[in-house]
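Each remark here refers to the structure printed beneath this line.
The values are calculated or read from the model by the stated rules, or taken from the named source; none is laboratory data. As the structure is a computational prediction, the values presented were derived from the model and not from experiment. Please note: Cβ atoms are built from the backbone with ideal geometry, for glycine as well, and neighbour counts cover all protein chains shown. The protein model used for the area step is the full one, side chains on, heavy atoms only, and it has no ligands, DNA or RNA in it. Shrake-Rupley method; radii C 1.70, N 1.55, O 1.52, S 1.80 Å.
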Amino acid sequence: MTEYKIVVVGGGGVGKTALTVQFVDQFFIQNYDPTIEDSYRKQVVVDEETCLLDILDTAGEDEYSAMRDSYIRESEGFLIVYSIIHRASFLKVQDFYGQIQIVKNFEESRIILVGNKNDLEEQRQVLVEEGKLYANSIQIPFIETSAKSKDNIQKAFFHLVRMIRKTKFTSETERQKPKTEKKKKRFFCQIL
């Protein structure tokens, strides 16, 4: 069974814990309680392959930012989460993406941009198009979710597993190929 190390990052109050707990335990956490760092494990079947997901739910508060480099270095894939009802959380996405790129320096992207709380449409401050546009500009997938209604939660995690799996396979294949071959172009997609 293959293990996948996933980190959920984003600003405080965007619903990272609610998203993670909904995926792992099928339970919605209603009250906000700032997380320092929590780890979850879940066995799932993605495309007929049994996988063990090791998910790290991280602190969104700035005072814990020094811890980020270490868990970024150890992880294989990332969900960068913002709240569609909190514009400031969307503006912080660039900082999280930049830090991941500095620490990991990915050749292939293993990051998904997640706009959470899409069940609160009437309070929306960040348009779907804004999320898509930013994701396209950095060539990563984008999806909107709701931890409350379970909308696209499994889809986001499973797509990230597929991205990690593809990158692992590509890396192993590249090491076995003669060095004269050119690298393939990167492509990105939208998750809708």
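Here are some notes:
- Distance (nanometres) between label positions extended 7 Å along Cα→Cβ at Glu122 and Gln154: 3.0 nm
- Length gained when the stretch Ile102-Glu130 is fully extended (0.36 nm per residue, less Cα-Cα span): 7.7 nm
- Order of exposure, largest accessible area first, which applies to His159, His86 with probe 1.4 Å: His86, His159
- Note on Arg87 and Asn31: the model spin-label points, each 7 Å out from Cα along the C-beta direction, lie 3.2 nm apart.
- With the convex hull drawn over the C-alpha atoms of the stretch 68-117, the volume per residue is 69 Å³.
- Taking label points 7 Å from Cα along the Cα-to-Cβ direction, Lys168 and Asp54 give a separation of 1.1 nm.
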